[in-house]
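To start, the structure under review is shown below, and the notes come after it.
The values are calculated or read from the model by the stated rules, or taken from the named source; none is laboratory data. Model, not experiment: these values are computed from the prediction. Ideal geometry is used to build each Cβ from the backbone, glycine not excepted, and the neighbour counts take in all protein chains shown. SASA here: full protein model, heavy atoms, side chains in, ligands and nucleic acids out. Shrake-Rupley method; radii C 1.70, N 1.55, O 1.52, S 1.80 Å.
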Amino acid sequence: MKKDLETRADIELLVNSFYDKIRDNDTLGYIFDEVAKVNWEKHLPKMYSFWEMILFNKEGYEGHPLRPHLVINNQHPLNPQHFATWLTIFEATVDEHFEGEKADEIKSRAKNVALSWAFKIHHFNSPA
Ligand code: HEM
């Protein structure tokens, strides 16, 4: 039986493991490393705080989560497939390490955000 997500250390493990897979992925890796040229030392702690806020109502994340995605979309259009791949990798990473109520919750929160951003960006890129 795997453990549930309980602490910031659990979130750090999830986030680190998730971005290791993302950077290895052919559909998404280059968007982070070559298009956005992500500074990982800054990005990773931001993501720990983002997920701590979502999952444990902790303060610490300050930002506009959608905004950098609109900037990337201007440099390299993002499509629903990018978001679907992002979500598949996220869910698989959660399942690899954790199970339980919080593990289910983080997957469902990630899914809601990914679907809503995919929809917004798709309509922004291809207005009807
Ligand atoms: C196509 C899928 C996605 C791509 C390619 C992508 C890529 C990126 C990139 C390149 C950054 C900027 C890193 C930096 O230089 O600071 C970023 C930031 C971020 N991403 Fe994503 N992302 C995707 C989906 C998501 C989803 C679905 C979520 C949430 C569930 C998410 C949450 C965030 C957050 C919270 C930040 C930090 C925003 C800030 O600066 O405060 N991303 N993402």
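Keeping every protein chain present and rolling a 1.4 Å probe, give me the accessible area per residue for region 8-125 in Å². Walk me through the numbers before you get to the answer.
Numbers: 6850 Å² over 118 residues.
It amounts to 58 Å² per residue over region 8-125.
Could you work out the percent of alpha carbon pairs in region 52-119 separated by over 15 Å, rounded to a whole number? Intermediate results must be reported in sequence, preceding the final value.
On the way: 1381 of 2278 pairs.
Beyond 15 Å sits 61 percent of the P(r) for region 52-119.
On full extension of the chain, what length is gained from V113 through Y30, given 0.36 nm per residue of separation minus the C-alpha to C-alpha distance?
Working: separation 83, 0.36 × 83 = 29.88 nm, distance 2.18 nm.
Additional length available on full extension: 27.7 nm.
Which order do the peptides 5-15, 27-37 take when ranked by the mean count of other beta-carbon atoms within 10 Å per residue, highest first?
Details: 5-15: 17.3, 27-37: 14.0.
Ranking the peptides 5-15, 27-37 by packing returns 5-15, 27-37.
Taking the Cα centre of region 32-128 as origin, work out the dipole magnitude from +1 charges on Lys and Arg Cβ and -1 charges on Asp and Glu Cβ, in debye rounded to 20. Mind showing how you got there, number by number?
Numbers: 10 positive and 13 negative charges, 95 e Å.
That gives region 32-128 a dipole magnitude of about 460 debye.
With θ set to phi - 60° and the Karplus curve 6.51 cos²θ - 1.76 cosθ + 1.60, what are the ³J(HN,Hα) couplings of region 107-122 in order, to the nearest whole Hz, using x for Gly and Pro?
Rounded to whole hertz, the list is 5, 6, 5, 4, 5, 4, 5, 4, 5, 6, 5, 4, 5, 4, 5, 4.
Which whole-number percent gives the relative contact order of the chain, counting Cα pairs below 8 Å spaced six or more residues apart? Kindly include the intermediate steps, with their values, before the conclusion.
Numbers: 102 pairs, mean separation 46.5, N = 128.
Computed over the chain, the figure is 36 percent.
What are the equivalent ellipsoid semi-axes of the chain, built from the alpha-carbon gyration tensor (square roots of five times its eigenvalues), in whole angstrom, biggest first? Don't jump to the answer; show the numbers that get you there.
Values: eigenvalues 119, 49, 45 Å².
Each semi-axis is √(5λ); the values are 24, 16, 15 Å.
Which percent of the accessible heavy-atom area of the chain goes to carbon and sulfur, probe 1.4 angstrom?
Numbers: 4130 of 7760 Å².
Roughly 53 percent, rounded to a whole number.
Rank these by accessible area, largest first, 1.4 Å probe: M1, M53.
Descending accessible area places them as M1, M53.
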